[in-house]
There are 2 protein chains.
Amino acid sequence: MPIQDTTASVITPEQLLEHWQGHRRVTRRAIEAFSDVQLRNFSLGGMRPFGEMAMEVISMAVPCLRGLVNGDWTMGTRDVPPTKSELLALWDEATEEINTLWAQVPAQKWQENVMAFGQYAGPAFQTILYVIDNEIHHRGQGFVYLRALGIEPPAFYDRS
Amino acid sequence: MPIQDTTASVITPEQLLEHWQGHRRVTRRAIEAFSDVQLRNFSLGGMRPFGEMAMEVISMAVPCLRGLVNGDWTMGTRDVPPTKSELLALWDEATEEINTLWAQVPAQKWQENVMAFGQYAGPAFQTILYVIDNEIHHRGQGFVYLRALGIEPPAFYDRS
């Protein structure tokens, strides 16, 4: 006998934002752990260097929220900047924009169906979870790159 | 000016369960993609073989829900069984138990503070997200192992 109220909140919008930004702080530390050259060139198994993965993550984060706020589903650029510090600057810029745009997503939006980036149909919460999960997925791959380079990755559990 | 109702639901308990089980289907396909020997022995960068990561994931999934349902926070075993088929059997057993236990978590529980596994304090939603995110993280690492072995990993986006 289910005792669930399926309209109950598992997580509020504010909590999900904080959860995401916590993950983003870990990813930022992962980017920092690479050298400029490693970020652009090192890879395993024929996969992309971590700089390209990080740019994919950036290309989806703010654009996803823009889509939810004003229906503009233009994906961001994935061109990897020449240096780590430029990539980190893009990261930090996104951090601020995420906070600003998040506050503009109406609470009821998360349960509405959207056509993300013109091609992915589903409720808005699924779109944002895809973006977050994709970051966790690629950061996990970046951790393997770091280990293979003899570099200690940041702690997965430390979201501060 | 924030237009959020912070008590609004981003995702309902049923939706989060389906989201998790979708990820678990991808992870199951990742386990399947390894051979018995690769699952037990292959690794990169001095990390654990994917079989050990998969057992860590199993050791947290059902035990986390048991903790939320009856306060029994005993972690599961992480011993890697000798064959892939035995590991997959444990995986499938967990899949059913997750569905059963999830239905017993009271809706209001997700916002309550718990002391997960006797040491991790925080709201219940954070505990379950940790378990899910940890799975995504390690599966991402398994994908690098697969690529390095010349094996195509399952599609990240296909949760069917």
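Here are the numbers:
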item: Hits in region B:75-97 (condition: crowded, with 18+ Cβ neighbours inside 10 Å and in contact with a Leu (Cβ under 8 Å, 6 or more places away or on another chain)); result: B:80, B:84, B:87
item: Sole residue being of a type in the set (D, E, K, R), surrounded by 13 or more Cβ atoms within 10 Å (Cβ to Cβ) and touching a residue at least 60 places away in the same chain (Cβ under 8 Å), chosen from A:147, A:159; result: A:159
item: Residue that is nearest to the other protein chains (Cβ to nearest Cβ), among those in region A:96-141 that are within 28 Å of residue A:46 (Cβ to Cβ) and of a type in the set (Asp, Glu); result: A:133
item: Qualifying positions in region A:35-69 - over 19 Å from residue A:95 (Cβ atoms) and either within 14 Å of the chain's Cα centre (by Cα) or away from every other protein chain (no Cβ under 14 Å) (or both); result: A:35, A:36, A:37, A:40, A:41, A:52
item: From the options A:108, A:104, residue that is outside any helix (DSSP H, G or I) and over 16 Å from the mean Cα position of the chain (by Cα); result: A:104
item: Residue check, residue A:27 touching a residue at least 60 places away in the same chain (Cβ under 8 Å) and surrounded by 14 or more Cβ atoms within 10 Å (Cβ to Cβ); result: yes
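Read-outs: derived from the displayed coordinates by stated rules, not from any lab. Predicted, not measured: the structure shown is a model, and the values here were computed from it. Glycine gets a Cβ as well: all are built from the backbone with ideal geometry, and neighbour counts include every protein chain shown.
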